[in-house]
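Presented below is the structure to which this report refers.
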Amino acid sequence: MHCGSTPKTIDCKSQHAPSQRPVSSCLVCYRERTTNPTIRHPSRFRYSRALGLVSMSDVYDPASLPDLLPLYYRRLFPFSQYFRWLNYGGVTKNYFQNREFSFTLKDDIYVRYQCFSNQSELEKEMQKMCPYKIDIGAVYSHRPNQHNAVKSGSFQAQEKELVFDIDMTDYDDVRSCCSSADICHKCWTLMKIAVRVLDRALKEDFGFEHRLWVYSGRRGVHCWVCDEAARKLSQSARSAVAEYLSLIRGGSETIKKVQLSTPVHPFITESLSLIMSYFEDYALIDQDILGRPESVENVLALLPEDILLETCSDFQKYKTSVKRWESLKKRVKQGSQKNSALLDSEIVLQYCYPRLDVNVSKGVNHLLKSPFSVHPKTGRISVPIDTRQLDQFDPFAVPTISMLCQELDKAVQSGEEDESGKDKEGEPEPKRRVRDYKRTSLGKYVKVFELFVEQMEKSWKGQLLKQSDMQGDF
Amino acid sequence: MQFFRKQRISRLNGDRQADMYPHSLQFYGQPPTENISLAEFETFAVDRLRLLKTIENIGVSYVKTSEQYSKKLEAELRKLLFPYRVDVDEKELGKEYEKRRKDHISHFILRLAYCQTEDLRRWFIQQEMDLFRYRFHEIPEEHFQNFLNTNNLIYNSINEEERRIVKLSIIHSNANISAVKLEEMEIYKVPFQDVLDLVRSRKVYLKGGYTYIPHKEIVTVVLNDFRTRLSKALAVTARSLPVVHSDERLQPLLNHLSHAYVGQDYSIQKNIGKISLEQIDNLSLKSFPLCMRNLHKALRENHHLRHGGRMQYGLFLKGIGLTLEQALQFWRAEFVKGKVDADKFDKTYAYSIRHSFGKEGKRTDYTPFSCMKIILSNAPSQGDHHGCPFRHSDPELLKQKLQSYKIPGNGINQILDLVKGMHYQLACQKYFELTHGVDDCNFSLNHPNQYFAESQSLLNGKDVKREAPAKISGGSQETPANVKMAESTSSAEMDDLELLFQDAP
């Protein structure tokens, strides 16, 4: 509980000095740097003793996490749906109990092999430890906190969701608006494309039905594939799936990263048609890949010699990206090399196709950031993305933990609770929590999560029935 | 299996022979159940080992489906008296039975030798699979269904209606199948988990979790099945190994069999502490293979390396003799020049360095990556500098880089030719020869630390420590062609192994 000491003023930590800070957005206000060298961001903490709440402006300051996290975990984190998800209907014994969680605590203390017996224990521990970051690992053969007690070699990761991690940094060579940890609305389209292309493939090609897409909180998206078949996949199966979905090959030493050949696999054809609906707006207009000189050079570097000269002279005639692209497509058809007609598709793919990290997907025991975890640097919550409204998703509108706490604070002030902060007599905490997140911007994201869990629950009910039938358990 | 010295080998005759081994190709499902002499035990084991080693060598030098590959492998099979043809006439049946029996028994003997560690298992499975694949391709179509049936591989073929729907997509997924050919074949629906190789390389049509496989492609499915079975069997064998090892006649043989072919893995460093940090920059130019030179350069320039690069380079440095303290100092000094402050380094990166030295977590002392591992796994992506430059770099960029390192022009062309032919390690050997000014590097490269050791010994005039029987190379001096060298290396190693048996009781 807070002591109610005098209000503090916090100067903006970053001081906006470009040469000293590697990030280009202010940690406090998450706005882009300005040229003004010193900008102060006063935040005032008002310690409300009765409520134990912290009221502040909605600007996020990492230093305030110790104050905000307790509130988040007590009143906002959707434990009920979270447990329903990871318990998977209780079909397999001890599935939840053998699941590994890892927590990053204050001062970068990292603890692995955390596990819990039930929802109540999960809640209590998380509220006690207030982790800065939560990762979800595999379901093991034994309770993870017993891993040292078990005979060496017997403690094995057995199942885990199939996961994908798309990180905007992997696209640095093809986006000009931002680099490394930054994102903006222009390059966010790359994430939209990634979700569309991969989601279609996971659903139609692999037959996976339960796919949860989550915004990572800063610069990417994660996908959790929760089908039973997916959870049971071996490491080599996971890496095979990831390779099937990979078209971009090569690192900084490779110039042309996509090589197609005839016949073109239906997967590539389908992916391309999805990408093309975004290509003109994203690549030709927003990124202007054939307008800006450095960018034009990069595209030209992908062309074979026999059409390079003519393309260059075309570019003298046409000055806009859109027109230049048209002319390039025509030239490509005239190329003499084998498969040269695929060149325009290869360029589209190099600039837009999803880049996933195979290593994240292939490990059965790999730990990945949990949905509804807070991103310590940006304060944003890792929220589920509603794929039915993918194009409307705005990463900058995702609530930060400070925003949520402020919203809760306002709800208090608007009199929905009495001054003492006590809830209505005898109202149990979970119920209050439901009212709470619905009152905040988190509500709509929890709804997406709820729907996702409900969909899965339909499939488990059938299984439980089958099981009880077999056991003669009526 | 029971072993009696110089016991008469029980023989089956005529029909019963045919029943035992209906095909030259088998899944090795059941272990042999007869008595065998110790002498035959040894001969069979050594012969099969020779065969597998040849398979490894010609697999590096030739494309696996090419004619030269097939010819060489057939010659070896014939020489060592292993079965190589499916259709055998009546009068040959007796001899053929002997060969199949040898095939069967020798496989199981080598399982005993190669089940013990992950590396050994991986190597054994890889060579056995290549052998299986070769023999599988040799089965003519008439015998095929029979083979499938006798091995209980039941794949569901699809009906007319489904055929119509998926036909076009299958043709688009597969360069080898034309519409005409497809009409004549059965199409099987197989869950994708059973055909990972085809899925991985996207050579098959995939819908709703099922792959649609024309009859012609069924080999990959079968291979996968073979690999899975063998892998499980090796795990089981490993568990019953203590019993086998208690037989003193077998233990020395099995140990020597497995040690001869792993090669040095550089997990035990002999030069610990003999390298100082100031020497590294210089050494990187003179004695590092190209992959490590690139990594070092990238590290110096960017003051950072991503995970793949840190693993590959960090373990290599451990292999050349850096101590944990030196490693920590080295990485820290470099990272701190970049965006990482000393505190953060100590909290995050230091942990993983200690982990790779076996001081944290499950305390495995990780071994430096071999060339095969670097080439085949964990390909670099955007922002990475690890991998094998001969395998993973654009040839143009590779050429420029070699030019900037002042490699002579025609040497570069030779390297690029080798790269085009996918002989990455031979290209690296060429790089060694050009940078050290020798005509012949005199060793068969399969490990970056080996490159370093050989380079140091050449530059310092010392003899590289080569232990028997775990020899890296005994390469012959008269043959300049690298292909021949790979083969003569194997025969040198085989000679050592046989010397051993001359002394065996």
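The values are calculated or read from the model by the stated rules, or taken from the named source; none is laboratory data. Everything numeric in this text was worked out from a predicted model, so none of it was measured. FYI the Cβ positions are ideal-geometry reconstructions off the backbone, even for glycines, and counts take in every protein chain you see. To get the accessible areas, we keep the full protein, side chains included, count just its heavy atoms, and leave off ligands, DNA and RNA. Shrake-Rupley method; radii C 1.70, N 1.55, O 1.52, S 1.80 Å.
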Evaluate region A:168-180: report whether one residue or more is in contact (Cβ under 8 Å) with a residue 24 or more places away in the chain, open to solvent by less than 40 Å² (accessible area, probe 1.4 Å), of a type in the set (Ser, Thr, Tyr) and touching a Ser or Thr at 6+ places or on another chain (Cβ under 8 Å). yes
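When the residues of region A:127-143 are narrowed to those that are open to solvent by 50 Å² or more (accessible area, probe 1.4 Å) and not in a strand (DSSP E or B), which ends up nearest to residue A:97 (Cα to Cα)?
The extreme case among them is A:143.
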Return a yes/no flag: does region B:41-54 have any residue that is open to solvent by 90 Å² or more (accessible area, probe 1.4 Å), modelled with pLDDT of 80 or more and either hydroxyl-bearing (Ser, Thr, Tyr) or under 29 Å from the mean Cα position of the chain (by Cα) (or both). no
Conditions: (1) surrounded by 14 or more Cβ atoms within 10 Å (Cβ to Cβ); (2) at pLDDT 85 or above; (3) part of a helix (DSSP H, G or I). Residue B:165 meets all but one. Number of the miss? (1)
Would you mind finding the one in A:453, A:446 that is open to solvent by less than 50 Å² (accessible area, probe 1.4 Å), closer than 30 Å to residue A:109 by Cα, at pLDDT 95 or above and assigned to a helix (DSSP H, G or I)? A:446
Only residues that are closer than 22 Å to residue A:249 by Cα, within 14 Å of another protein chain (Cβ to nearest Cβ) and open to solvent by less than 20 Å² (accessible area, probe 1.4 Å): list them for region A:207-222, please. A:220
List the helices (runs of 4 or more DSSP H) inside region A:302-355, counting only whole elements, that have at least 1 residues being among the basic types (Lys, Arg) and more than 20 Å from residue A:274 (Cα to Cα). A:305-317, A:321-334
What are the pairs, 6+ residues apart or on separate chains, where a residue within region B:380-391 that is more than 14 Å from residue A:359 (Cβ to Cβ) has its Cβ under 7 Å from a residue that is open to solvent by less than 20 Å² (accessible area, probe 1.4 Å) and aromatic (Phe, Trp, Tyr)? none
Kindly evaluate residue A:376 against the criterion of being modelled with pLDDT of 80 or more, open to solvent by 20 Å² or more (accessible area, probe 1.4 Å), closer than 29 Å to residue A:70 by Cα and assigned to a loop (DSSP other than H, G, I, E, B). yes
Kindly indicate the residue of region B:207-222 that is away from chain A (no Cβ under 13 Å) and not in a strand (DSSP E or B) and also most open to solvent (accessible area, probe 1.4 Å) among those meeting that condition. B:216
Only one of B:389, B:368, B:380 is within 14 Å of another protein chain (Cβ to nearest Cβ), in contact with a His (Cβ under 8 Å, 6 or more places away or on another chain), open to solvent by less than 50 Å² (accessible area, probe 1.4 Å) and not polar (S, T, N, Q). Can you tell me which? B:380
Being more than 20 Å from residue A:251 (Cβ to Cβ) and open to solvent by 50 Å² or more (accessible area, probe 1.4 Å) is true for just one of B:408, B:395. Which residue is that? B:408
Can you confirm whether residue B:24 is assigned to a loop (DSSP other than H, G, I, E, B), modelled with pLDDT of 65 or more and polar (S, T, N, Q)? yes
In the set B:362, B:373, B:339, B:344, which member is within 14 Å of another protein chain (Cβ to nearest Cβ) and assigned to a helix (DSSP H, G or I)? B:344
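Residue-wise test of (1) acidic (Asp, Glu); (2) touching a strand residue (DSSP E or B) at 6+ places or on another chain (Cβ under 8 Å); (3) open to solvent by 50 Å² or more (accessible area, probe 1.4 Å).
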position: B:104; (1), (2), (3): no, no, no
position: B:131; (1), (2), (3): no, no, no
position: B:135; (1), (2), (3): no, no, no
position: B:173; (1), (2), (3): no, yes, no
position: B:177; (1), (2), (3): no, yes, no
position: B:180; (1), (2), (3): no, no, yes
position: B:183; (1), (2), (3): yes, no, yes
position: B:188; (1), (2), (3): no, yes, no
position: B:205; (1), (2), (3): no, yes, no
Selection status of residue B:395, touching a Leu at 6+ places or on another chain (Cβ under 7 Å) and either of a type in the set (Phe, Trp, Tyr) or within 14 Å of chain A (Cβ to nearest Cβ) (or both): yes
Residue A:388, sole failed condition from (1) at pLDDT 95 or above; (2) surrounded by 21 or more Cβ atoms within 10 Å (Cβ to Cβ): (2)
In a strand (DSSP E or B) and over 19 Å from residue A:268 (Cβ atoms), is that true of residue B:189? yes
In region B:444-454, is there at least one residue being assigned by TED's automatic domain parsing to the domain that holds residue B:357 and surrounded by fewer than 18 Cβ atoms within 10 Å (Cβ to Cβ)? no
List every residue pair whose Cβ atoms sit under 6 Å apart, with the two residues 6 or more apart in sequence or on different chains, where the first one lies in region A:244-268 and is more than 7 Å from chain B (Cβ to nearest Cβ) and the second, anywhere, is assigned to a loop (DSSP other than H, G, I, E, B) and β-branched (Val, Ile, Thr). A:247/A:258; A:257/A:248
Give the residues of region A:144-167 that are crowded, with 16+ Cβ neighbours inside 10 Å, of a type outside the set (A, V, I, L, M) and within 13 Å of chain B (Cβ to nearest Cβ), sorted by residue number. A:147, A:155, A:165, A:167
